[in-house]
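Novice: Got a structure here, written out as structure tokens. Questions coming.
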Amino acid sequence: MLNRFRPFLKNILEPIAKNSNINPNLISLLSFLIAILSAVFIGYYNNLELGSLFILLSGFFDVLDGAIARYHNKTSKFGAILDSSLDRFSDAIIIMGFIHGLYIDWFLGILAIHSGFMVSYVRASSQSQGISNDVGVAERAVRLIILIISLVVGLFLNVDYIQFIIMFLVVISYFTVIQRLFHSYKHEK
């Protein structure tokens, strides 16, 4: 869904990557640590401003690690696995912050974590079978944007709306799972 923004994003990230010859795995770890900060500010301090800011920063570093790896020819299989694994941990810990802060109930939180994991799982499973599968409306960047939007809406309107926005997130995530399964089915023939 956000593929049309990749050239714009590349123009921003490439100069930063060019001047940042850091191990991309460290950037992946930094992204995860910032996601933990987000969960802490959302769940423990009920600080939606910093929570949303840290989600944004975590997402930025998540795309920066890949840009650095590609620009400096430091891509590796382990780096890709580490990045993907830390992304799943980050997604879960952020949702746990929403649950702990009582912005969403535990069952909705479980569905949000599960649906996000399934979006990524179906893509990885497809790729292991040789099927490229980037289709769907709720790729990770979109899910993070929706989490940020929910916090901003909660901050400026009413925190009760967060629950409804996360419900929407769950629905479009499961819809993306169906889109990716159907895409894989079509490409098997």
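Novice: Quick check on my filter: what residues within the stretch 132-176 are under 22 Å from Ser84 (Cα atoms), surrounded by fewer than 17 Cβ atoms within 10 Å (Cβ to Cβ) and over 16 Å from the mean Cα position of the chain (by Cα)?
Specialist: Result: Ser132, Phe175.
Novice: Here's something else I'd like to know. When you look at Asp134, is it charged (D, E, K, R), assigned to a helix (DSSP H, G or I) and touching a helix residue (DSSP H, G or I) at 6+ places or on another chain (Cβ under 9 Å), yes or no? Steps first, please.
Specialist: Values: charged (D, E, K, R): yes; assigned to a helix (DSSP H, G or I): no; touching a helix residue (DSSP H, G or I) at 6+ places or on another chain (Cβ under 9 Å): yes.
Spelling it out, it is not the case that Asp134 is charged (D, E, K, R), assigned to a helix (DSSP H, G or I) and touching a helix residue (DSSP H, G or I) at 6+ places or on another chain (Cβ under 9 Å).
Novice: For the stretch 146-187, what are the residues that are touching a residue at least 40 places away in the same chain (Cβ under 8 Å) and among the β-branched types (Val, Ile, Thr)?
Specialist: Ile148, Val152, Val159, Ile162, Ile166, Val170, Thr176, Val177
Novice: How about the stretch 120-131: which of its residues are under 17 Å from Ser84 (Cα atoms) and not hydrophobic (A, V, I, L, M, F, W, C)? Even if it seems obvious, please write down each step before you answer.
Specialist: Of the residues in the stretch 120-131, the ones under 17 Å from Ser84 (Cα atoms) are 120-128.
Residues satisfying the conditions are Ser120, Tyr121, Arg123, Ser125, Ser126, Gln127, Ser128.
Novice: Return yes when Val142 is of a type in the set (Val, Ile, Thr), touching a His at 6+ places or on another chain (Cβ under 8 Å) and under 20 Å from Gly59 (Cα atoms) and no when it is not.
Specialist: Numbers: of a type in the set (Val, Ile, Thr): yes; touching a His at 6+ places or on another chain (Cβ under 8 Å): no; under 20 Å from Gly59 (Cα atoms): yes.
Against the criterion (of a type in the set (Val, Ile, Thr), touching a His at 6+ places or on another chain (Cβ under 8 Å) and under 20 Å from Gly59 (Cα atoms)), Val142 does not qualify.
Novice: Here's a follow-up. Checking the structure you have, find out if any residue of the stretch 106-124 is surrounded by fewer than 17 Cβ atoms within 10 Å (Cβ to Cβ) and outside any helix (DSSP H, G or I).
Specialist: No; the residues of the stretch 106-124 include none that is surrounded by fewer than 17 Cβ atoms within 10 Å (Cβ to Cβ) and outside any helix (DSSP H, G or I).
Any read-out appearing in this document is the output of simple, stated calculations on the displayed coordinates, not a laboratory observation. Only a predicted model underlies this, so the values are computations on that prediction, with no experimental measurement involved. Positions of Cβ are backbone-derived with ideal geometry, glycine not excepted, and every protein chain shown enters the neighbour counts.
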